[in-house]
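Below: the structure, in C-alpha cells.
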Amino acid sequence: MSTEANKLVLIRQLVEAARNNIDTAVQLLKNLGVESLGNMKLEAPTGAVQHTDQGAVIIEGVFDGQNMVGPDGKLYSVPANYASKSKLVEGDLLKLTISPDGSFIYKQIGPVERERVVGVLSKDEQTDEFQVLARGQNFRILLASVTYFKAELGDEIVVLVPKGSPSTWAAVENVIKKHSAGAVNAEALATVEDADEGVEAPVKPKKRGRPAKSESVLEKVSAKNSGPAIEF
C-alpha cells in the first residue's frame, strides 16, 4: 500500500475515533437528561452501539472492502458472498444487527457514489490474491466474486469503485470472457466460408445395372389368360 493510501486509512481511523468519542459524550449527556449545550441541540448518536428491548445489538459502521469498521474501530467480518452479491463498495455505510442467538444480519444503509472501471484480472505474485489492473492501479477484489463469475486470468473485469475517492478495493460487477469474442468470430467465419464455397448436399449415386425388360400390354394380357392346354 502506498504512503498516500496509508495516510488516508489513518485519517479515516482518526475520524471514526473522534466520532465515536463525540457519540459517547452525547449519549452520556442524554442519560443525564441534558438535551442541549448552549445553542447546540444534542442529536441521537450516529454509529453508536444500540441495544433493543429484544436483546439485539445494532451497530453502524463503514465497509472497508472486506470488513465493517465499527464506531469503536473494531472490525466486524462481512460474509464474502453477501459483499460480492450486494456489490458493496469501500466506504458504504452498513448496519449490523446481532441477534440474541448470535447471528449477524447486515444491511446497506448508505451507499457511496460509484463509478465503473474496466480492467484486467491478474494475480499478485507475492500474496497470490486476485486483483484487477485498471487506470494504472491494482484493485483488490474478493475471491467470492471471482468464483461466482468463473473469471479467469486475462479476462476483462467491470468493477465499481468510489467516485472521486481513492480506494484499495473494488466490487466486481461483471466479467467479459477473453475467449468469448474469438469463439463467436470463428463460428461466424466458418459460416461465411461455407456460404462462399457454395457447399451442396451430396447426391446419392444411382444404382448401375442391366435395365429391366419392359413388358408390353399384349404380353401381360396373354400371360394372364394362359392356362393348361386342352385336347379335344
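Within region 101-143, the set of residues being touching a Pro at 6+ places or on another chain (Cβ under 9 Å) and closer than 30 Å to Thr52 by Cβ comprises Phe104, Tyr106, Val112.
Just one residue in the set Gly61, Gly91, Gly73 is over 18 Å from the mean Cα position of the chain (by Cα), assigned by TED's automatic domain parsing to the domain that holds Leu8, assigned to a loop (DSSP other than H, G, I, E, B) and buried (at least 19 other Cβ atoms within 10 Å of the Cβ); that residue is Gly91. Considering (1) surrounded by 14 or more Cβ atoms within 10 Å (Cβ to Cβ); (2) assigned to a loop (DSSP other than H, G, I, E, B), the lone condition that Leu160 does not fulfil carries the number (2).
The values are calculated or read from the model by the stated rules, or taken from the named source; none is laboratory data. Fair warning: this is a prediction, and the values are worked out from it, not measured in the lab. Every residue, glycine as well, gets a Cβ built from its backbone with ideal geometry; the counts of neighbours run over all protein chains shown.
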